[in-house]
1. Could you derive backbone 3J(HN,Hα) for the range 75-91 from the dihedral phi with the Karplus parameters 6.51, -1.76 and 1.60 (θ = phi - 60°), listing whole Hz in sequence and x where the residue is Gly or Pro?
2. Taking 8 Å as the Cα distance limit and 6 or more residues as the minimum spacing, I'd like the relative contact order of the range 18-190 as a percentage.
3. Hey, in the GNM for the chain with a 10 angstrom Cα cutoff, which one of L155, L91, L26 fluctuates hardest?
4. Treating the beta-carbon of each Lys and Arg as +1 and of each Asp and Glu as -1, no other charges, what is the dipole magnitude of the chain about its Cα centre, to the nearest 20 debye?
5. Taking all pairs of different Cα atoms in the chain, averaging 1/r and flipping that mean, what Kirkwood radius in angstroms comes out?
6. Students often forget the sequence filter, so: which lysines lie under 30 Å Cα-Cα from K106 once same-chain residues fewer than 8 apart are removed?
7. For the peptides 141-148, 9-16, 99-106, 48-55, what is the packing order when you average, over each peptide's residues, the other Cβ atoms within 10 Å and list the highest mean first?
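Just so you know, all these numbers are worked out from the coordinates, no wet-lab data involved. What you are looking at is a predicted structure, and each value in this text was computed from that prediction instead of being measured. Glycine gets a Cβ as well: all are built from the backbone with ideal geometry, and neighbour counts include every protein chain shown.
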Amino acid sequence: MNIREFIAEYLKMSRYVALGTMDGILAVMGVTIAASGVAGASGAEIPNYVIGLTGLSGGIALAMSNTFGSFIGERAEEVRTIRELEQKMMLDEGKLDDTQIHKEAKRRIYMSMVTHGFSSFIGSFVPVLPFLIITSRITAILWTLILCFIALIILGIYLGRVSRESLLKTSLEIILIGILISVVSFFIGGSH
């Protein structure tokens with residue numbers, strides 16, 4: 001598979017692009033905002049890059065979790081589908097193993113892993129980037145929110161195009177989810 005085919009396959013897995021990217025952006029945004037609030041409320045002099053690295057480590061853990069979660073979940077679905085097909089064809093269990101059907105199922109499993117994990121990893125960079133390069137806490141928080149909401153709008157447009165639904169409606173839904181998570185994270189982080 002060449003790089004063009006890989007990218008085309010990657011983008012076809014829109015469910016995992018969406019899940020992974022949203023997970024990466026929103027979970028890590030929540031961590032960085034909450035960590036900023038905790039640092040501010042405690043009066044501790046924690047540099048922004050430490051908050052950024054904390055968010056990034058959470059993003060890496062999330063990406064790994066999503067990668068292996070996709071493997072487990074997709075493998076279960078694909079094996080079930082193959083076993084049901086064997087049953088319908090009145091074949092013994094395992095007779096379709098090592099066939100083209102089985103190879104295609106394995107390819108879908110591995111693509112789901114790569115797509116979900118990589119999208120989570122890339123999404124997690126959006127909220128931490130300002131904390132890694134900006135020293136002012138307020139400025140880093142504002143840029144994190146701006147970048148996250150721009151990324152969520154782009155994701156909404158992508159999903160709207162994939163689903164052939166309203167780009168505006170899809171983007172607004174995703175933005176509302178982002179706002180909810182931002183508010184919850186702010187209150188949790190600021191309550192300490």
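1. 4, 4, 5, 5, 5, 4, 4, 5, 5, 5, 5, 4, 5, 5, 8, 6, 9
2. Values: 246 pairs, mean separation 65.8, N = 173.
Computed value for the range 18-190: 38 percent relative contact order.
3. Most flexible of the set in this elastic network: L91.
4. 360 debye
5. Values: mean 1/r = 0.0547 Å⁻¹.
18.3 Å is the Kirkwood radius here.
6. The qualifying lysines are K12, K88, K95.
7. Details: 141-148: 19.0, 9-16: 15.9, 99-106: 13.2, 48-55: 20.6.
The packing order, highest mean first, is 48-55, 141-148, 9-16, 99-106.
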